[in-house]
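The values are calculated or read from the model by the stated rules, or taken from the named source; none is laboratory data. Note that the coordinates shown come from a computational prediction; the quantities given were computed from them, not determined experimentally. Because the Cβ atoms are built from the backbone with ideal geometry, glycine has one as well, and the counts that use them run over all protein chains shown. Just the protein is used for accessible areas: all its heavy atoms, side chains included, with ligands, DNA and RNA removed. Shrake-Rupley method; radii C 1.70, N 1.55, O 1.52, S 1.80 Å.
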Amino acid sequence: MARYASELAVSSDTVATACLLTIDGVLDSSTYLKLRDAIIKAALDEPRAVLVDVNALDVPASSAWSVFTSARWHVSTWPDVPIVLVCGDADRRTTISRIGVTRYVPVHATVEAALNALPVEGRQARRRARVELPASLASLRRARDLVGEYLTAWSQTELIPVATVVVNVFVENVLQHTASTPVLVLETNGATVTVSVQDCSTTPAARREDPFRGGERVSGLAIVAAVSCAWGSTPTPSGKAVWAVVGPENKL
C-alpha cells in the first residue's frame, strides 16, 4: 500500500544524555523542512548529541538525505551539537556515505554504536536561562535587565555591556518586524555568552540598509556583527532563533 508523501512522524526520547529522534514516514520535498526543523529544535535544547534513527524512513530520492547535512550546518556554530544517523541497513549506509552526508553527519548501524563513537563528554557545563517576554516596548528594558541579572549571577559582568547591545537589537527587531512575543535565551559555557531571541516569523534575519538614507543609518544587525564573535539566524519549527556569541575579545 502506497504511503502519502505528507506522512512523517518524529518521536523523541533521551538515551544516555543524548536526544534520540525516531523518524517514520516519507522524506521528500513536502516533508524536508519539517524534518530539518525538528532536528534543529532538538539540537537547540543542547543534548550531548542528536541521534536520528532512520530505519523506518522512506527516502524515494537519495538527494533528500542532504536534509541532515542542512540541519548540521544550521547548528554548526551554535549550539554545535553533533548530529548522528542510525541506520541498520548496510546498503543505505553506503548510499548516505556516497552522496557526501557522512562528511558532516556520521552514520552507525545501532544506537549503541553511535553512542560509543561520540567524543568523551568534555564540553564545559553550560548555564542557561529562557524567558518569554511580552510583545511590547517594555520588553526592551526587561531584556536588558535580565542580561544584567543573569550575567552577574554567572560571573560574566564584563560582557554585560556588549550582551545588552545585542539583546536590544534582537528584541527591537522582533517588535518592529513581527507580531511575535520574543523569547530570550541566555547561556554561558564559562568562556563565552550566547544571546538568542526566538520569534514566530520564518523570514531569516538579514542585514539591510535604509534604502533612503543608505550608509548614513547602520542596521542593528550590522552592529551585532561588529561586536560579536559570530551571529546567525537559525530556523525553528515555530519560526526562527537569531543568536550571537560574545567573548572576552568583545568587551565594550
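On the given criteria, is residue 78 of a type in the set (Phe, Trp, Tyr) and touching a strand residue (DSSP E or B) at 6+ places or on another chain (Cβ under 7 Å)?
Criteria met by residue 78.
Can you find even one residue in the range 132-148 that is touching a residue at least 60 places away in the same chain (Cβ under 8 Å) and outside any strand (DSSP E or B)?
no
Would you pick out the residues in the range 14-27 that are assigned to a loop (DSSP other than H, G, I, E, B) and either among the polar types (S, T, N, Q) or more than 14 Å from residue 54 (Cα to Cα) (or both)?
16, 17
From the list 121, 112, pick out the single residue that is at pLDDT 95 or above, charged (D, E, K, R) and exposed (fewer than 14 other Cβ atoms within 10 Å of the Cβ).
The match here is 112.
Confirm whether residue 102 is within 25 Å of residue 243 (Cβ to Cβ) and either in contact with a helix residue (DSSP H, G or I) (Cβ under 9 Å, 6 or more places away or on another chain) or not assigned by the TED database to the domain that holds residue 231 (or both).
In short, no.
May I ask you to list the residues in the range 56-73 that are open to solvent by 20 Å² or more (accessible area, probe 1.4 Å) and not in a helix (DSSP H, G or I)?
56, 58, 59, 60, 61 - these are the residues of the range 56-73 that are open to solvent by 20 Å² or more (accessible area, probe 1.4 Å) and not in a helix (DSSP H, G or I).
Is one or more of the residues making up the range 84-96 assigned to a loop (DSSP other than H, G, I, E, B), buried (at least 18 other Cβ atoms within 10 Å of the Cβ) and touching a helix residue (DSSP H, G or I) at 6+ places or on another chain (Cβ under 9 Å)?
Scanning the range 84-96 turns up at least one residue that is assigned to a loop (DSSP other than H, G, I, E, B), buried (at least 18 other Cβ atoms within 10 Å of the Cβ) and touching a helix residue (DSSP H, G or I) at 6+ places or on another chain (Cβ under 9 Å).
Test each condition in (1) open to solvent by 40 Å² or more (accessible area, probe 1.4 Å); (2) closer than 27 Å to residue 47 by Cα; (3) not polar (S, T, N, Q) for residue 131 and report the one that comes out false.
Condition (1) is where residue 131 drops out.
If I filter the range 144-162 for residues that are polar (S, T, N, Q) and on the phi > 0 side of the Ramachandran plot, do I get at least one hit?
yes
Please go through the range 31-55 and pick out each residue that is over 22 Å from residue 16 (Cα atoms) and open to solvent by 30 Å² or more (accessible area, probe 1.4 Å).
Matches in the range 31-55: 32, 33, 34, 36.
Yes/no per residue for (1) assigned by the TED database to the domain that holds residue 201; (2) in contact with a Gly (Cβ under 6 Å, 6 or more places away or on another chain); (3) within 20 Å of residue 236 (Cα to Cα); (4) surrounded by 17 or more Cβ atoms within 10 Å (Cβ to Cβ):
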| residue | (1), (2), (3), (4) |
| --- | --- |
| 141 | yes, no, no, no |
| 152 | yes, no, no, no |
| 160 | yes, yes, no, yes |
| 168 | yes, no, no, yes |
| 175 | yes, no, yes, yes |
| 183 | yes, no, yes, yes |
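Run residue 80 past the list (1) in contact with a Pro (Cβ under 8 Å, 6 or more places away or on another chain); (2) part of a loop (DSSP other than H, G, I, E, B); (3) of a type in the set (D, E, K, R) and report the number of the one that doesn't hold.
(1)
Among the candidates 59, 75, 52, which residue alone is β-branched (Val, Ile, Thr), under 24 Å from residue 233 (Cα atoms) and without any contact (Cβ under 8 Å) to a residue 60 or more places away in the chain?
Answer to the check: 52.
Could you list all residues from the range 231-252 that are under 18 Å from residue 220 (Cα atoms) and in a strand (DSSP E or B)?
Residues satisfying the conditions are 231, 232, 233, 234, 240, 241, 242, 243, 244, 245, 246.
Kindly provide the set of residues from the range 147-165 that are touching a helix residue (DSSP H, G or I) at 6+ places or on another chain (Cβ under 8 Å), of a type in the set (A, V, I, L, M, F, W, C) and more than 16 Å from residue 243 (Cα to Cα), ordered by number.
Scanning the range 147-165 gives a single hit, 151.
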